[in-house]
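First comes the structure, then the notes that go with it.
The values are calculated or read from the model by the stated rules, or taken from the named source; none is laboratory data. As the structure is a prediction and not an experimental result, all values here were calculated from the model. Virtual Cβ from ideal backbone geometry, glycine too; neighbours counted across all protein chains shown. Just so you know, the surface numbers come from the protein's heavy atoms only, side chains and all, with ligands and any DNA or RNA stripped out. Shrake-Rupley method; radii C 1.70, N 1.55, O 1.52, S 1.80 Å.
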Amino acid sequence: MRIAIFGTRKYDRQFLTQANAAYGFDLDFLDVALSPTSAQLARGFDVACIFVNDIANRQVLEMLAEGGVGLVALRCAGYNNVDLVAAETLGLAVVRMPGYSPHAVSEFTIGLLLALDRKIHRAWSRVRENNFALDGLVGRNLHGRVAGVVGTGQIGGLVARSLRAGFGCEVLASDPVVDEALVAIGVRYVEREDLLREADIITLHCPLTPETRHLIDGSVLATARPDLVLVNTSRGAPIDSAALIEALKARRLGGVALDVYEQEAGIFFDDLSSEIIDDDILQRLLTFPNVLMTGHQAFLTEEALTAIAETTLESIRAYSAGEPLCHQLRHQATRPGAG
Ligand code: NAD
């Protein structure tokens with residue numbers, strides 16, 4: 001099996017190479033993301049292995065199929081960047097990596113929330129300058145606050161459990177599928193509009209679908225609780241970033257922690273510290289004292305990277321052996337919520 005691995009970073013190379021000791025596939029690590037301009041690099045390969053910001057639209061998939069690729073292997077859970085209808089028409093199989101480590105993302109979510117709420121990131125930069133003053137660092141307890149969890153699948157379920165059982169929050173949840181184990185510990189499923197209006201803290205764990213795009217828009221932000229704290233480690237586009245800036249400028253929000261951003265493709269995962277970035281929305285977001293951002297890092301643990309590498313290569317082995325693919329994505333079978 002010849003595998004073209006797009007958008008490779010150092011950690012991908014390390015963990016895929018380690019896992020490949022058990023498979024002996026021919027791995028070709030490419031720095032570039034998959035796009036209409038780079039798709040021809042996969043010519044002659046059996047598999048294109050891609051990540052969250054690679055483009056796998058119809059045009060790209062046609063180029064892959066024409067060049068001999070038979071399998072697109074996503075080394076991530078979300079697949080909003082793949083045109084599954086086109087893949088099916090072209091006879092391309094698509095596999096993903098669901099639930100590789102919900103702990104990695106849920107723990108990072110709680111970490112972001114605590115850092116933002118208790119201003120730990122700001123305190124650290126002060127202390128490094130020998131500034132030990134505490135003015136401006138007053139935070140709030142999580143205990144007793146109302147937290148709204150949108151999407152209680154693998155990741156959101158762990159976050160809801162942690163907030164409820166660990167921190168003693170009142171937890172509201174919104175998901176078309178009710179998790180009875182969460183209900184048993186006191187999580188209350190409510191209508192999404194009620195959650196968005198009543199929560200002091202909102203954390204997003206739903207997939208990006210047409211229904212969840214700009215789920216948090218100007219009207220939601222206008223009617224949310226004053227000093228709302230918003231956390232997003234799902235995908236960027238469930239939040240309307242321009243509306244978010246307006247709400248921040250109007251001082252309506254307590255704080256925002258983002259690991260994802262709707263226009264992150266072409267920016268995140270790269271060192272642009274010496275570049276001028278044209279995205280004014282991103283640059284404005286980074287100026288607010290009550291915004292904390294990371295560059296799509298929530299998945300990045302040794303355990304998750306090991307699981308991603310091993311399961312991706314196992315899917316490729318099953319494909320090469322003509323076996324059924326456990327994590328295959330099919331357009332018809334796509335649950336509206338699958339992330
Ligand atoms: P999952 O499929 O286990 O859970 C998603 C849940 O969202 C499901 O319970 C589903 O019913 C629910 N849902 C679907 N549509 C909804 C809607 N309109 N409103 C409310 N809930 C809805 O997925 P997961 O593994 O928990 O991942 C959740 C999200 O996290 C995905 O978008 C994924 O892409 C993202 N993610 C981000 C990172 C990161 O590094 N930041 C890593 C992994 C996953």
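Below, the figures for the structure above:
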quantity	calculated
Any chance V159 is surrounded by fewer than 21 Cβ atoms within 10 Å (Cβ to Cβ) and outside any strand (DSSP E or B)	no
Any chance R118 is within 24 Å of L300 (Cα to Cα) and touching a Pro at 6+ places or on another chain (Cβ under 8 Å)	no
Failed criterion for A133 (all others in (1) crowded, with 21+ Cβ neighbours inside 10 Å; (2) part of a loop (DSSP other than H, G, I, E, B); (3) aliphatic (A, V, I, L, M) hold)	(1)
Of all residues making up the stretch 104-154, the number that are under 19 Å from M293 (Cβ atoms) and β-branched (V, I, T)	4
Some residue of the stretch 29-42 being under 20 Å from L300 (Cα atoms), in a helix (DSSP H, G or I) and open to solvent by 10 Å² or more (accessible area, probe 1.4 Å)	no
The lone exception for D271 - which of (1) of a type outside the set (A, V, I, L, M); (2) within 15 Å of the ligand (Cβ to nearest atom); (3) more than 28 Å from D46 (Cβ to Cβ) it fails	(2)
Wholly enclosed helices (runs of 4 or more DSSP H) of the stretch 219-335 bearing at least 2 residues farther than 25 Å from A19 by Cα and charged (D, E, K, R)	241-249, 280-285
Within the stretch 168-189, considering residues that are away from the ligand (no atom under 11 Å from the Cβ) and touching a strand residue (DSSP E or B) at 6+ places or on another chain (Cβ under 8 Å), the one most open to solvent (accessible area, probe 1.4 Å)	R188
Number of the condition not met by G68 [criteria: (1) within 21 Å of the chain's Cα centre (by Cα); (2) assigned to a loop (DSSP other than H, G, I, E, B)]	(1)
Every pair of residues 6+ apart whose Cβ atoms lie under 7 Å, when the first sits in the stretch 66-89 and is at positive phi while the second is assigned to a loop (DSSP other than H, G, I, E, B) and surrounded by fewer than 16 Cβ atoms within 10 Å (Cβ to Cβ)	G68/R43; G68/G44
Unmet requirement for H103, which otherwise passes all of (1) over 19 Å from V256 (Cβ atoms); (2) open to solvent by less than 30 Å² (accessible area, probe 1.4 Å); (3) within 16 Å of the ligand (Cβ to nearest atom); (4) touching a Leu at 6+ places or on another chain (Cβ under 9 Å)	(2)
